[in-house]
């Protein structure tokens, strides 16, 4: 008897409303991209949750690790000049 | 890496009510506890499709047929969300199914009871899903991120399940004498197994200690059971059903109902595989898993042949 | 046959096809080859039962005897059902179900598409919903035909056998009965003969791509336009109508 397969793991991203971001909804198993799209549709949009779907084989996703979180994200903590509220505007200035 | 430092950091996160994510360090015991619990939960959803599926082709109206199909489909979906959550811990769905078939993994006892009449579909929705949702609501705050997120989605989708079951019971209680008798009979058969779904009393629950420390479990078996009983009694009374427990009475001091003792012999008998439908449920799952093998193989072979994903 | 009788029977036919096809597909619940496919087949079943509900409700209105869609689904005997025989055949294995779904949806897409321009607004409305659904059913079964056809030797032979066995039930889809002729003149119904080449081309394209041989048109089974069925329908109804028949005074 051959080894059982439950097909490959795919990650599903759904756009809830036209113009919005695609956000991660969950996973499905499928052997090819058409099947992955159809399975994602049948499983994650049964209650009108979507207007568009992306699927990608899970193996092609690279994720950052928790151990690297300090190195990756903390350095942006003190870069306040990237935010508009950092700047002092003259009193009465409008539309800026 | 210093495992003591990691373990302390892990527990600190838990204590701060932060979620643990798949790539985070976690103690092996936490991982294996979660795999056991989440896969059991997933298997329960999937095996739970069978007793209700038993009535799909006999549902008494087009509306009832659609509701029941959509509900069972949800259960399948929930099994799928949960399998996915468990897969983030490094176990494959193949392995989980194999563990189910070998008996290493369990599923909820309640699905080892038969659905004999249409009223049983009402009783399952109202009592069984009602009991499950009490547990699932508390699990939305469980510490493992993918499990908690699956629970949030599941609770949102499950909200209609209990209502449809109660609606069936209420309609039957307004119906003919035969229908009322059928509804009461379903109540009599499903009440005690529903209470058993919460598991042994807190003092006899073997895995609870760590589960609380790790915030996998947020409320105790007895607490959850009490919550279920208190909300369900009034619903039963409202539609004229009698709860089959002569010892049931209101306890003003604890502001909850006292109830009779659960038949723990029956509980253990069913867990050990000797419930009315254990063998039937497993045989069904194995049969269709095996009958589907050639389809899965064909899909995998087609992908290989086309050499694309 | 009066125009009203024709419309009643025509609408019943549309409803019965969806009802029996949906019923058969619902039998797959908890039996799919993979959990994802279980949900997919259930979705198709639900589309069909929804469509059946809409058509039968309209049929009950046309009949004007105060009946509901449930009365028509649950209290009619075998000989008054007008679904195509192909819908009532047992689900068989996955290849049979997929082959059946391909043959039926390749028919339904152009049928509903044409009916969505029917001069009967109710039929046009229901068909407009149906065409979207059946386009998805078609794509779903088409892609599975590709996978089974070019998957393994076993899957290929199973699909080939299924197409071969089901072929004799496809002639019925295009039969014009008295009700069709009456309603065609009024712009309500569709000329099924016109759909036949379209259907044939669609099915042939899919099967060729899937490396499946297209059977010769031999003797075709017939009878459903007159309520004559295979032995299977009686068993479907015995099961489906059981509660309504056993407890005629009860409402659920």
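The values are calculated or read from the model by the stated rules, or taken from the named source; none is laboratory data. Quantities reported herein were computed from a predicted structural model and do not represent experimental measurements. Cβ coordinates were reconstructed from backbone atoms using ideal geometry, including for glycine residues, and neighbour counts include every protein chain displayed.
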Looking at region C:200-210 only, could you name the residues that are surrounded by fewer than 15 Cβ atoms within 10 Å (Cβ to Cβ) and within 14 Å of another protein chain (Cβ to nearest Cβ)?
C:209
Among (1) surrounded by 20 or more Cβ atoms within 10 Å (Cβ to Cβ); (2) within 23 Å of residue C:54 (Cβ to Cβ); (3) over 15 Å from the mean Cα position of the chain (by Cα), residue C:163 falls short only on (2)
Residue hits (region B:65-79; closer than 18 Å to residue C:24 by Cβ and at the interface with another protein chain (Cβ under 7 Å from one of its Cβ atoms)) are B:65, B:66, B:69, B:70, B:72, B:73
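Would you tally the residues in region C:35-89 being part of a loop (DSSP other than H, G, I, E, B), under 17 Å from the mean Cα position of the chain (by Cα) and either without any contact (Cβ under 8 Å) to a residue 24 or more places away in the chain or closer than 17 Å to residue C:12 by Cβ (or both)? Walk me through how you get there before you give the answer.
Here is the first cut: in region C:35-89, the ones part of a loop (DSSP other than H, G, I, E, B) are C:64-68, C:75-77, C:81-84, C:89.
Of the ones still in play, those that are also under 17 Å from the mean Cα position of the chain (by Cα) are C:81-84, C:89.
Subset that is either without any contact (Cβ under 8 Å) to a residue 24 or more places away in the chain or closer than 17 Å to residue C:12 by Cβ (or both): C:81-84.
Residues flagged as part of a loop (DSSP other than H, G, I, E, B), under 17 Å from the mean Cα position of the chain (by Cα) and either without any contact (Cβ under 8 Å) to a residue 24 or more places away in the chain or closer than 17 Å to residue C:12 by Cβ (or both) within region C:35-89 amount to 4.
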Kindly indicate whether any position in region A:65-77 is within 14 Å of another protein chain (Cβ to nearest Cβ), touching a helix residue (DSSP H, G or I) at 6+ places or on another chain (Cβ under 7 Å), closer than 29 Å to residue B:22 by Cβ and outside any helix (DSSP H, G or I).
no
Candidate set from region C:235-252 (those that are facing chain B (nearest Cβ under 7 Å) and assigned to a helix (DSSP H, G or I)); member that is farthest from residue B:61 (Cα to Cα)
C:239
Can you confirm whether region C:211-230 contains a residue that is surrounded by 17 or more Cβ atoms within 10 Å (Cβ to Cβ), closer than 25 Å to residue C:69 by Cβ, within 14 Å of another protein chain (Cβ to nearest Cβ) and under 20 Å from the mean Cα position of the chain (by Cα)?
no
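Yes or no: region B:190-199 includes at least one residue that is within 10 Å of chain C (Cβ to nearest Cβ) and touching a helix residue (DSSP H, G or I) at 6+ places or on another chain (Cβ under 6 Å).
We begin by selecting, within region B:190-199, every residue within 10 Å of chain C (Cβ to nearest Cβ); these are none.
Within region B:190-199, none of the residues are within 10 Å of chain C (Cβ to nearest Cβ) and touching a helix residue (DSSP H, G or I) at 6+ places or on another chain (Cβ under 6 Å).
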Which of (1) buried (at least 19 other Cβ atoms within 10 Å of the Cβ); (2) free of Cβ contacts under 8 Å to residues at least 60 places away in the same chain does residue C:171 not meet, given it meets every other one?
(1)
Any residue in region C:21-31 that is crowded, with 24+ Cβ neighbours inside 10 Å, at pLDDT 95 or above and more than 16 Å from residue B:56 (Cβ to Cβ)?
no
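If I ask for residues that are under 20 Å from residue B:156 (Cα atoms), away from every other protein chain (no Cβ under 12 Å) and in contact (Cβ under 8 Å) with a residue 24 or more places away in the chain, which ones from region A:20-50 would you list? Give the steps one after another, and end with the answer.
Step one: filter region A:20-50 for residues under 20 Å from residue B:156 (Cα atoms), giving A:23-28, A:40-50.
Within this subset, residues satisfying the condition of being away from every other protein chain (no Cβ under 12 Å) are A:48, A:50.
Listed by number, the list holds a single entry, A:50.
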